[in-house]
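The values are calculated or read from the model by the stated rules, or taken from the named source; none is laboratory data. Predicted, not measured: the structure shown is a model, and the values here were computed from it. Counting neighbours? That spans all protein chains shown, and the Cβs are built from the backbone with ideal geometry, glycine included. With ligands, DNA and RNA removed, areas are computed over all heavy atoms of the protein, side chains included. Shrake-Rupley method; radii C 1.70, N 1.55, O 1.52, S 1.80 Å.
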Amino acid sequence: MSVTREVTALAARPAAPGDARRREGARARRRRVLLWIATHALAVTLALMFLAPVAFMALTALMTDEQALTSELWPRSWNWGNLTEVFDRSLLLRWAGNTLLYAALGTLFTVVSSVPVAYALARFRFRGRRMAFLVVITTMMLPPQVVAVPLYLVWARLGLTDSLWPLILPMVFGDAFSIFLLRQFLVTIPREYTDAAKVDGCSDFRTLTRVVLPMARPAVAAVALFQFFYCWNDYYGPLLYAGVQQDHLTLSLGLATFKAFHSVQWNLTMAATLLVTAPVIIVFFLAQRVFIEGVTLTGVKG
């Protein structure tokens, strides 16, 4: 009876303030976790859907040839030698150099040539300005296959086929999408800044380089990333102009060639794919904040 009384007394005793605060804190944390899950459930689901193929590719790249594409999703042994074997069986470094040259020069030429055009369409008042902007937008709707034959004949007569120069040199004259994206951002910059620079005696070129470009860094970064990713992943252009020599191939075209020669060795094919896509993923995550900021700000005002 004495034990029963003590248990009853303890149960009836009011909880200490510290215990009540801890229980309240635990309930608050559970509410926050449930609220976070409810708010981001769709985003988490989509993220898992996009990450699943990348995880499958990475795991298959480290499997043996016998285990690849079987019902087993986890490698029995981690075959890191598959990554080095890709270099031994292909000219991956040469292809990477060609792709880097194509992407770097293409991005540089596109940015340097598109910024002045976008600045003129956004700031200058001249007859035919709207028509010029309409022509730029119209060229975005023109498929590249429509002009492939005449352009190829032009580059063939100049003796520049079997190389990447027919893909790099046209970017000296700008890119329609880049001009459109930069123009949409530049019209959001208040005219007071450029007017004040002109009052101080700045020329149009100096106003562009000293006033406008520092304010347009997010848009320029977004355009540069768009163009870099386009050149890195381009397959149609190198297929048309690079020819059949292994030394002239880019990563996308070389990966297709590698897959054709090793179509039954899926572990090596996945390893080569992982090596080709890894630089793009790394660059995107390093520049993700600037990229998203530039894309967001370019659509503020038309």
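Just a few scattered comments:
- C-alpha long axis of helix 266-286 to longest principal axis of the chain, angle in °: 90 degrees
- When the helices of the chain are scored as -39500 (n - 2.57) per DSSP H run of n ≥ 4 and the total is divided over every residue, the value at 222 nm lands at -22500 deg cm²/dmol.
- The orientation-averaged shadow of the Cα convex hull for segment 57-159, equal to a quarter of the hull surface, comes to 12.5 nm².
- Among Trp95, Trp232, Trp36: highest mean-square fluctuation, GNM of the chain, C-alpha pairs under 10 Å: Trp36
- Taking Cβ atoms as reference points and 12 Å as the exclusive limit, the residues near Gln265 contribute a net charge of -1, counting Lys and Arg as +1 and Asp and Glu as -1.
- For segment 218-289, fraction of C-alpha pairs farther apart than 15 Å, in %: 61 percent
- For segment 92-187, trypsin sites (Lys or Arg not before Pro) meeting the loop criterion (DSSP other than H, G, I, E, B) and having at most 14 other Cβ atoms within 10 Å: Arg125, Arg127.
- Proportion of all alpha-carbon pairs of segment 144-302 beyond 19 Å (%): 67 percent
- Cβ charges +1 (Lys, Arg) and -1 (Asp, Glu), total dipole of segment 63-217, debye: 1100 debye
- Cut-off 15 Å between beta-carbons: net charge of the residues surrounding Gln245, Lys and Arg +1, Asp and Glu -1: -1
- Rolled with a 1.4 Å probe across the full set of protein chains, the surface gives Val276 an accessible area near 20 Å².
- Relative contact order %, the chain, counting alpha carbon pairs below 8 Å whose residues are six or more apart: 28 percent
- Here the gap between Leu93 and Val112, fully extended at 0.36 nm per residue and compared with their Cα-Cα distance, gives a gain of 4.0 nm.
- The modelled label-to-label distance for the pair Trp36/Met57, using points 7 Å beyond Cα in the direction of Cβ, is 2.9 nm.
- Shape category assigned to the chain from the gyration tensor of Cα positions, a/c cut at 1.5: oblate
- Cβ-based net charge around Met63, under 15 Å, with every Lys or Arg adding one and every Asp or Glu removing one: -3
- With a Förster radius of 25 Å applied to the beta-carbon distance between Leu169 and Leu286, the computed FRET efficiency rounds to 0.30.
- From the alpha carbon centroid of segment 114-134 to that of segment 215-269 is 32 Å.
- Sparsely packed GluC sites (Glu not before Pro) within segment 58-105, loop by DSSP, other Cβ within 10 Å at most 14: Glu66, Glu72
- Gain in span if fully extended, Val149 to Thr209, counting 0.36 nm per residue against the direct Cα distance: 17.7 nm
- Between 0 and 90 degrees, the angle of helix 92-123 with respect to the longest Cα principal axis of the chain falls at about 80 degrees.
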